[in-house]
Structure formats: C-alpha cells, structure tokens
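One structure below.
The values are calculated or read from the model by the stated rules, or taken from the named source; none is laboratory data. The model shown is predicted, which means the values in this text are computed figures rather than measured ones. Virtual Cβ from ideal backbone geometry, glycine too; neighbours counted across all protein chains shown. The protein model used for the area step is the full one, side chains on, heavy atoms only, and it has no ligands, DNA or RNA in it. Shrake-Rupley method; radii C 1.70, N 1.55, O 1.52, S 1.80 Å.
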Amino acid sequence: MIGLAEAPSPCYLLEAAKLRDNLRLIDRVQRESGCTIILALKGFAMWSSFPIVSEYLSGCSASSYNEARLAKEHFGGHVHLYAPAYTDAEFPDLIELSDRISFNSLSQWERLGAQALAAGVSCGLRVNPRVDEVETALYNPSGEQSRLGIPQSEVADGVPAGIEGIHVHALCECGADATERLIQAVETRFGHLLPDMKWCNLGGGHLMTRPGYDVELLIRVLREFRQRHPHLEVVLEPGSAIAWRTGPLISSVLDIIDRGGVRIAMLDTSATAHMPDVLEMPYRAEVRGADHPGIKAHTYRLGGLTCLAGDVIGDYSFDEPLQIGDRVIFEDMIHYTMVKTTMFNGVAHPSIAIKHESDRIEVVRRFGYADYEGRLS
C-alpha cells in the first residue's frame, strides 16, 4: 500500500469515498426532483473514476469530439453535445457519438441541423437567459454581448421545425436561489417555446454538494418546474458538484530563498500549468495546515516551477518552518483544475492517483517526456 507521504509529487489524488458521498447527494436530488443529472466532462474527466460515477449518473455532457469520444468509450450511456461552433469536417463524427446536440446559433442549425436529424439525434438550441449570477466576467456566459447562446429576440416567433430542446448555461458554483432565478428567466424569456419542447437542459454551476447549499430548495424549484411543464425532461449537467472537495494536489518544496525580505518556497508544481484558476478566477487556494500570512509563525510565498514571473500561488503561514522536501498539499484540486492543466515550459505534469475506499492509494497515471513530445511536432 502506498501511503500519502509516499505518493508521487506532484500528484492529483482523488479520494473515492468523498466522490461517492457527493454522488449519493446528487442522486437524491435526481430521485426527489424527477430531473436527470449528467456529468459535465469540462469540469471532471478523470475516466478512471467513471465506474463509480456511472453507478449514479446516466451519461455525460461533452463540448468537443474528444470529450464525446471519451464519454462513449469510457462512460457509456447518454451523451449530450454542445459547442460554441462545429466544423463541417468533424460534424459527421460528432453525430455518431451524440444522443443530443445543442446548437449555439441559428446559422449553425441551418447549415448542420439536417445531418443531425437524419442521424436520429435530438436537436436543441442554446439560448441566453440574460441572468447575471456570476461576478467574474471571464466565467459569466450571459452578458448582452456574450457569444454563447441565442438571444430572446431571435426566437421570439418560435424555433425552426426539428428543434425539440432548449439549453441554458448561466451559473458558476452558484446556490439554489440562483437556480430558481434562472428558471424564472427561462420561463419569462423563453416560456413560449416550452410547450413544444421535449427537454430543457439547465446547464451546470449548481454547486449542490457545497456545505450550506440549500438542497431542499433546489429539489423544490426543480420539482415545481417539472410540474408546470410535465412533458419536459429537465436535465442538469454540473461539473464542480460531482468532484467538489474530493481530493488535493500534493506538491513538495524544492528550494527556499529570500528575496526583498520575503521568504519564497519553490514548489514542484505550478499555478500557471497545474492550477490556472488561481490566476484566472482569481481565488486563493486552500493549503492544508496553513493560514493567511502573519497568522502563524512562519510565512512564505509559494512559488511555481515555471519561468513565468507571475507563477505565484500566494502567501501562506505555517506553524513550523518549511524544509526542503516537505509536502505542501493544496485542497480541492480535482474539479476543473485537472482538466485545465498544461505542459508549459515542459514542467512535469502531476501524476494522477486514487485513494480507494479501502484507503489503498493507486497511481493510475504518471506523465513523462513522451506526453510532452506528443503534444508538439
């Protein structure tokens, strides 16, 4: 058995018991609301865990050929595809992999819809409900000038023949109250379409596994939405909620230096390459056993491994001085973080491991030169 201290560094470590706890709660929402919940691969695509996830969820949402193929080959079940645009060359392969496809514009539908219908794929349109529930502009898909989704004005007189679903995505790590407002916006702006639809996909961002989330409210608003539109299949496709707080990124201290009166601990991981949301969102990663600078006795700036000047994770304080070789463990690094990694600078990509429910840690993937070489030409 590999213990936590002996796990590779750097390494993403999925804790299977925590994943299953999340899935049990999500399954309860499905059962009590009557809705269908599928896995959004854009948020969590660790296919070695799919045997657990598929016990509770019936399929996946995909945003590309690669995601759709991964879903079909490793998950099975239903595949709902949405992308901001599809290429003519790739589309025949996409419809072979998909059960449902959402189109981002009427022009894409007009050019490609007939192919999808001929293949027996259920077709829908992504619409923009114009709700601003996301404070960070980078992650808000619902602005007036957003490239994502069709505005109300373009479907005021209805949708083309052959369309049988509408798709919205407007939330990011939001509460149940935001879901309630989203449903209200859908009914206000697109309610005239619902009687003729077969399904409504409410997208992701429903962070129902976060402590303090009002699960009862979510179940109630979903159930009431279904009662008002009993002919509709209502679908949610969360990414973060599935893998929320299911495992850390393990790193190690390579060097400790002093620059301008600041002690810097150089790590074998990188904000730029391995946890980009720390810079993009931005947000402060939680470090096990650490606190804000100055709270504990020893404060360090945690620096990443790449040569980018801004590859800095943040300032943290610890009870004891850090030593070269010490482990620094970043909490909650499984959802979104793993799928957004790069090999910038050719730095070592973190290994991927699973802590099974028996407490056995299995390393399921190590990365090396061949992985870096294979991304280039």
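What is the sum of charges, Lys and Arg at +1 and Asp and Glu at -1, for the other residues whose Cβ falls under 12 Å from the Cβ of residue 72? Surrounding charge for residue 72 is -4. Rounded to the nearest 10 degrees, the angle from helix 16-33 to the longest Cα principal axis of the chain is 20 degrees. When both the range 33-78 and the range 251-299 are represented by their alpha-carbon centers, they are found 33 Å apart.
Taking Lys and Arg as +1 and Asp and Glu as -1, the other residues whose beta-carbon sits under 9 Å from that of residue 217 total -3. Taking amide H positions as modeled 1.01 Å from N, with prolines and chain starts lacking one, the residues under 5 Å from residue 59 and 5 or more places away or on another chain are 39, 78.
Within a Cβ distance under 15 Å of residue 171, other residues only, what is the Lys/Arg minus Asp/Glu net charge? Summing Lys and Arg as +1 and Asp and Glu as -1 gives -3.
For the range 101-165, trypsin sites (Lys or Arg not before Pro) are listed when DSSP marks them as loop and at most 11 other Cβ atoms sit within 10 Å of their Cβ; the list is 147. Over the chain, Cα pairs under 8 Å with separation of 6+ residues give a relative contact order of 20 percent.
Converting phi to 3J(HN,Hα) with the Karplus coefficients 6.51, -1.76 and 1.60 and the offset θ = phi - 60°, the range 85-94 yields 7, 10, 8, 4, 5, 8, 4, x, 6, 5 Hz in sequence order, with x at every glycine or proline. Between residue 164 and residue 85, the C-beta separation translates, for a Förster distance of 30 Å, into a calculated FRET efficiency of about 0.90.
Among 246, 36, the order of accessible area from largest down is 36, 246, computed with a 1.4 Å probe on protein heavy atoms. Centre-to-centre, using Cα atoms only, the range 83-122 and the range 150-200 are separated by 19 Å. Here the Debye sum runs over all C-alpha atoms of the chain as equal scatterers in vacuum, and log10 of I(q)/I(0) at q = 0.14 Å⁻¹ comes out as -1.21. Between the C-alpha center of the range 325-377 and that of the range 303-322 there is a gap of 19 Å. Scaling against 2.2 N^0.38 Å puts the C-alpha radius of gyration of the range 1-93 at 1.29. In units of the rule-of-thumb radius 2.2 N^0.38 Å, the range 213-329 shows an alpha carbon radius of gyration of 1.52. Working note: Karplus 6.51/-1.76/1.60 with θ = phi - 60° gives the range 68-84 the couplings 4, 5, 4, 4, 5, 7, 10, 10, x, x, 6, 10, 10, 9, 9, 9, x Hz, where Gly and Pro are set to x. Computed from the C-beta positions of residue 324 and residue 296, the FRET efficiency with R₀ = 25 Å rounds to 0.80.
Of the residues 107, 63, the one with the largest accessible area comes first in the ranking 107, 63, computed with a 1.4 Å probe on protein heavy atoms.
Using a cutoff of 8 angstrom between alpha carbon atoms and counting only pairs six or more residues apart, the relative contact order for the range 118-163 works out to 43 percent. Give, as ranges by residue number, the residues of the range 152-184 whose backbone N falls under 19 Å from the point 7 Å along Cα→Cβ of residue 114. It comes to 160-164, nothing else. Treating the angle as unsigned and between 0 and 90°, give the value, to the nearest 10°, between the Cα long axis of helix 215-228 and the longest Cα principal axis of the chain. Helix 215-228 and the main axis of the chain meet at about 20 degrees. In this structure the amide hydrogen of residue 167, modeled in the peptide plane, comes within under 5 Å of the amide hydrogens of 125, 126, 127, 201, none closer than 5 places in sequence on its chain.
In this calculation the C-beta distance from residue 281 to residue 364 is compared with R0 = 30 Å, giving a FRET efficiency of 0.65. Each Lys and Arg Cβ is given +1 and each Asp and Glu Cβ -1; about its Cα centre, the chain then shows a dipole of about 240 debye. Measure up 42/296; 72/198; 198/340; 296/340 against 29 Å on the Cα-Cα distance and list the ones that go over. Distance filter (> 29 Å) returns 42/296; 198/340; 296/340. Using θ = phi - 60° in the Karplus curve 6.51 cos²θ - 1.76 cosθ + 1.60, the 3J(HN,Hα) couplings for the range 266-282 round to 8, 9, 8, 10, 8, 5, 4, 8, 10, 8, x, 5, 4, 9, 7, 4, x Hz; x is entered for Gly and Pro. By accessible area, using a 1.4 Å probe on protein heavy atoms only, the chain has 49% of its surface on carbon and sulfur. Most simply put, the range 179-275 has about 65% antiparallel DSSP beta bridges, counting only bridges with both residues inside it.
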